[in-house]
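Structure record follows, encoded as structure tokens.
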Amino acid sequence: MHLSGAILLFTYVIPPAWALDAYGAAPADDPSADIPPIVIFAGLLFYCVGFHVLVQIPSGLLGTRLGPHHGGLVAYASTLAIAGVLTALALSVVLRREDAGELMQLWADFMVRGSLGLAGYVWITQRSRESTKT
């Protein structure tokens, strides 16, 4: 799971749209209203760790346990399906927003970032299973 968390963290090199919007939220003539960059960075780190603990770890463990004999693609597909459901649940509980379009954008952002980390995790687990068979 360390690999999936590290990959997830590296995906935040390209910040999400809400972080970019936070930089431009204050008028240009009011520098006291700007959000300090450390707060935006802390928010990104909080979202990264929260997503890793609430979604990536459970879906990675469940997905690889559900399809160990079916191959890597089945394990990855089941991992992504579980991650999609957990992401939707976590976003709806944590954010409690009524705007479905905004929730879909956040869900898609989390899923794209998380799917890269989960691909690394499934790849490693499949490689370790193949090496123990030989």
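The values are calculated or read from the model by the stated rules, or taken from the named source; none is laboratory data. Quick caveat, the model's predicted, so the values are computed rather than measured. Every residue, glycine among them, receives a Cβ derived from its backbone with ideal geometry; neighbour counts consider all protein chains shown. Surface accessibility is based on the protein's heavy atoms, side chains included, excluding ligands, DNA and RNA. Shrake-Rupley method; radii C 1.70, N 1.55, O 1.52, S 1.80 Å.
Structure notes:
- Rounded accessible area per residue of region 54-104, 1.4 Å, Å²: 59
- Approximate spin-label separation A77-L54, in nm, with each point projected 7 Å along Cα-to-Cβ: 2.8
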